[in-house]
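Rule-based calculations on the coordinates, nothing more; no lab input. Quick caveat, the model's predicted, so the values are computed rather than measured. Here the Cβ is made from the backbone with ideal geometry for all residues, glycine too, and neighbour counts use every protein chain on show.
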Amino acid sequence: MEKTVQQFPPFREGSAPHQGHDDHGHQEHHEPGFWQKYIFSTDHKVIGIQYGLVALSFMLFGFFLMLCMRWSIAHPMKAMPFIGGILHSIVGSQMASPVKDASGTIIGYAMSPELYNSFGAMHGTIMVFLGVVPLAFAAFGNYVVPLMIGAPDMTFPRINMASFHAFFLGGVVMLVSFFIPGGAAQAGWTSYSPLASTIPTNGQAFWLVGMVLLITSSLLGAVNFIATIIQLRAPGMTWMRLPWFVWAQFVTAFILLLAFPPLEAAGVLQLMDNVAHTSFFLPTGLAVSGVVGQASGGGSPLLWQHLFWFLGHPEVYVLILPAMGIVIEVIANNTRKPIFGYKSLVYSSLGVGFLSFIVWAHHMYMTGMGQKIATFFQATTMIISIPSVIILTCMFLSLWGGSIRINTPMLFALGFLPMFGIGGLTGLPLGLAATDLYLHDTYYIIAHFHYVVAPGTIFGLFAGIYFWFPKMTGRKMNEFWGRVHFWCSLVFMNLVFMPMFAQGIKGMIRRMSDGGVNYSAARVPGAIDTLPGSVMELNGWILWAAIALGIAQIPFIINLFWSISHGEKVGTNPWSATTVDWQTPTPPPHGNFATEPHIVRGPYEYSVPGHTADFTPQSETVAAKNSTGHH
Amino acid sequence: MEIPYTVHKRADTGLYNAKLGIWLFLASEVMLFGGLFSAYILLRVGAGEGTWPHGWLDVRLGTINTILLALSAITTLLAWAALKVKEFGKFKFFHACTMLLALTFLGIKSYEYYDKFHHYEIQLNNGTIADGHFVEQSADFDLAKKTGTFTIHGHIVERHAELMDMRSDEAKKAKHEEHVIAAADIKHMENYSPRHNTFTAIYFTMSGLHALHILGGTLVIFYLWGPGSRMWKTDPERFTNRIEVSGLFWHFVDLVWVFLFPVLYLT
């Protein structure tokens, strides 16, 4: 394995821009204009930052939608302070209902159930497809993967740019749908048919067109990532020397490549249902509001669910794997010792990737698809938890015996571990058909997947932002406000989601704009299994916790922009890291490396006995000249 | 800045970038059409007894189209082979044939669509069903006002099930002639558009998506054949790679048709 360096062909054939700045000076110093530099850039780092900023904006917007919904849940049909009037001027009285006092004057506007539904559908869509995936996969992948493997850029830079533009356009289509008559899609982020084809709004058609654009974007991205990782690894960067973050992105790219197209197929079919009035997902004799429709029938609502969840479940691993990759990098760096079980991590990520394709129907135990099928998917679901647990266990064991350095990225990475653990373990009852029948579609499941994605994945992403910010800007983000951000986020995340487990176990159903008032003991006294007052009260507490969580993000937003120009200046390798993304100039120029990196060892050579420094970079030659860690 | 392995292959993978890229893209295309074929299977298996139509499509036209695409696969291969032996003129000729074959395919496909959109199933008030192609309609034809007449060339059947198997002996024996139908007699009429039933829906969707792929492939080949072929003078090796990569896509699109033809026309 150690001798593989010689087997590689020369890194660059023909012209070699990195070896001679002088020969190619006319190319490198040509200063492109604003549009070319920031909007139509083909540089993977600029595209990564574009993705990152747009995705963060979408996440903030999706969070705002959720705050509106939490208000409606806690105070159904009560006037919304501040926001109500704004919503009314945008969506009109149909969607934002006027609230009158005793004398009949309008004192404010409340969310209508229809508006709640559309916010719910769009919150999920935006958070998953426009927020977390673009940030975790596209932004971090674009910025970090080529640097980590020692490549000058992605294999297809122009396709990379097209990918971002398709994503942006898809986002615009989604946003525009809020303003059309009838409003945005209202059938949930899962868009189950026939509901999605019977709600009288064109928002669903917009949703589908938006999705086709987003799927195109992720397809182009996935092809690019896989090709880059296979083709552009620097000499000596063998597969088992790849930092695990690259492996995580590699598996993620394969999942996106193969799982998204069936949803695209489903999207085309549903678009036909909505626009050409076919009946792919509409059963024979479908009645809407008591009236049998004109549709020809013969379709299968279950078909949509199969096609949707064939993407939907692998998508969960698209959301989590890149964040896990970031956490591994941050943990290795801050424990100052090699990661525990590197090979187990690699094979586990491959196992997760493969198994994620055969667990989808565990979302469908309630559909009556049959006990035999349910048993199969229950078995695969239990099996996939094995590699997931191996990954998490490796993370925990990596902490053992390390001299842990605490800083903001490390805090977020450490926060990820128990939060993802809670999210994962609470998923087990949902993977077993018998218990899922009770818990399905309750707040329990909302709490479960939010623990995986919100304090799980998003904490991983925050760790990544604080960790690679110095590489992008040459400055560190403020440590004090970073810690404030972490501790407040940790506390309020838990205050938001922990009560939902209790609500769900008590039987509170999701997707109710009134938060279950009609099923409460107060509304129907004496009936069995109503929601007790203590459970209903939690709605109010969750609202305040969610608002506090929003406020807790303000230090982060200010810190992010303030630190670009005012943060503490640092050298090229401020964390004393081993991977080659830290062996480039800061910020890396177009083409990345000053000299061609030659990789001579594995990714996590920390505290090697006998070495003076406690880290040994993967590429030795560059390290000798360039390791100017501010430490 | 130059990306390595855009033209020459990397030794340990044996591929140049675009070739790997197109294979990955094709893998996702397999999943796209795989999703649609799965949908076809599920819908067909789930269809009630006697509700899935047979023999609604013209096998002769389908066969001709299959032959056209098979020939275009050969010319695509020959075009690439011609570049490999540095015969640019032959390349031009073979890819001109490819595009001609592709356009003929699309022409025949359009005719088939046109034929289906002019094919009407008319449920009459007396319980029988008139089924056939549109011939003409009177100037005052209005279904809502129940005025005028609608003329089709076809036949009248007693039961809807009789329309479902056009390969049966009864269907073959049926006499097709012109029927003039008064609007007042019509209960419901509908052409064989995608909404007509699940079969037409999946037929139009799958063959339509395939036709879009044909169109896209033709546009790419046209670009490489026309303005894009200037690269032959500056970077012949890279140009040959481009022809290979676009050819791989073309072969895939042909392959999809090889599955579509039996599934839609022959069963």
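Things to note:
- The slack in the chain from B:ARG159 to B:THR63, taken as 0.36 nm per residue of separation less the alpha-carbon distance, amounts to 31.5 nm.
- Among the residues of A:224-230, the average count of other protein chain beta-carbon atoms within 10 Å of the residue beta-carbon is 5.
- GNM flexibility winner over chain B from B:TRP80, B:TRP232, B:TRP56 (Cα, springs under 10 Å): B:TRP232
- Mean silhouette area of region B:174-255, derived from the convex hull of its C-alpha atoms and averaged over all directions, reads 9.6 nm².
- Couplings 3J(HN,Hα) of region A:95-107, computed from phi: 9, 10, 6, x, 10, 10, 8, 4, 7, x, 7, 6, 9 Hz, in residue order, whole Hz [Karplus 6.51 cos²θ - 1.76 cosθ + 1.60, θ = phi - 60°; x for Gly and Pro].
- The alpha carbons of region B:19-139 stretch over 71, 38, 24 Å along the principal axes, in descending order.
- Whole-Hz couplings from phi, Karplus 6.51/-1.76/1.60, listed for region B:133-143; x for Gly and Pro: 8, 4, 10, 7, 9, 6, 4, 9, 5, 8, 5
- When only Cα pairs below 8 angstrom with a gap of at least 6 residues are kept, region A:284-436 shows a relative contact order of 28 percent.
- Measuring spread by the Cα atoms of region B:119-191 yields a radius of gyration and Dmax of 12.2, 39 Å.
- Rg and Dmax, both from the Cα atoms of region A:352-506 and both in Å, are 18.2, 58.
- Among B:LEU32, B:LEU103, B:LEU163, residue whose mean-square fluctuation peaks in a GNM of chain B (springs only between Cα atoms under 10 Å): B:LEU32
- Whichever lysines have a C-alpha closer than 24 Å to that of B:LYS187, once near sequence neighbours (fewer than 8 apart) are set aside: B:LYS116, B:LYS145, B:LYS146, B:LYS175
- Applying 1/(1 + (r/R0)^6) with R0 = 35 Å to the Cβ-Cβ distance of A:ARG158 and B:ILE74 gives a FRET efficiency near 0.65.
- Between region B:174-189 and region A:424-501, the alpha-carbon center distance in angstrom: 65 Å
- B:SER168 paired with A:ARG523, simple spin-label distance in nm, labels 7 Å along Cα-to-beta-carbon: 5.3 nm
- Dipole axis of the protein assembly as shown (+1 Lys, Arg; -1 Asp, Glu on Cβ), positive-most option in A:PRO597, A:ALA110, A:PHE137: A:PRO597
- Region B:1-47: C-alpha gyration tensor shape, a/c 1.5 cut-off, then a/b vs b/c: prolate
- Zone of A:SER289's modelled label, taken as backbone nitrogen in region A:193-232 under 14 Å from a point 7 Å along Cα→Cβ: A:198-201
- Cα-centre dipole for region B:119-191 with unit charges at Cβ (Lys and Arg positive, Asp and Glu negative), debye to 20: 80 debye
- Region A:538-622: equivalent-ellipsoid semi-axes (sqrt of 5 x gyration tensor eigenvalues, Cα, Å): 39, 19, 12
- Amide hydrogen neighbours beyond the local backbone of A:GLU568, cut-off 5 Å, H modeled: A:LYS476
- Simple label model, 7 Å out from Cα along Cβ direction - A:MET369 to A:ILE551, nm: 4.5 nm
- Global form of region B:82-221, assessed from the alpha-carbon gyration tensor, a/c cut-off 1.5: prolate
- Near A:VAL288, the amide H atoms lying under 5 Å from its own belong to A:GLY293; only residues 5 or more places off or on other chains count, and H is placed 1.01 Å from N.
- Summed residue charge, Cβ within 11 Å of A:ILE404's Cβ, Lys/Arg positive, Asp/Glu negative: +3
- Radius of gyration, Dmax [chain B; alpha carbons; angstrom]: 24.0, 77
- Rounded Å value of the spacing that divides the Cα centres of region A:146-207 and region A:48-117: 22 Å
- Per the Debye calculation on chain A with a single equal scatterer at every Cα and no solvent contribution, log₁₀ I(q)/I(0) for q = 0.07, 0.09, 0.12 Å⁻¹ amounts to -0.46, -0.75, -1.30.
- Looking at region A:105-221, the pairs of alpha carbons with a distance over 19 Å make up 52% of the total.
- Hypothetical label at A:LYS343: residues of region A:383-409 whose amide nitrogen lies under 19 Å (7 Å Cα-Cβ projection): A:387-388, A:390-395, A:397-398
- Cα-based radius of gyration of region A:491-533 once divided by 2.2 N^0.38 Å, which approximates compact folds: 1.26
- About the Cα centre, charge dipole magnitude for the protein assembly as shown (Lys/Arg +1, Asp/Glu -1 at Cβ), debye: 1600 debye
- Working note: 222 nm ellipticity from helices only, DSSP H runs with n ≥ 4, each -39,500 (n - 2.57), summed and divided by the residues of chain A, gives -18500 deg cm²/dmol to the nearest 500.
- Cα extents of region A:186-336 along the three principal axes, largest first (Å): 67, 30, 22
- Globularity index of region A:455-539, i.e. its alpha-carbon radius of gyration over 2.2 N^0.38 Å: 1.67
- Each of A:LEU543, A:TRP562, A:GLN186 was scored by the projection of its Cα onto the charge dipole of chain A, and the greatest displacement toward the positive side belongs to A:LEU543; charges sit on the C-beta of Lys, Arg, Asp and Glu.
- Averaging the Cα positions of each part gives two centres, and for region B:140-169 and region B:218-245 these lie 52 Å apart.
- Under 14 Å, Cα to Cα: Lys pairs in chain A, sequence gap 8 or more or different chains: 5
- Share of pairwise Cα separations in region A:411-490, more than 19 Å, in percent: 47 percent
- Taking N as its residue count, the alpha carbon Rg of region A:285-421 over 2.2 N^0.38 Å: 1.46
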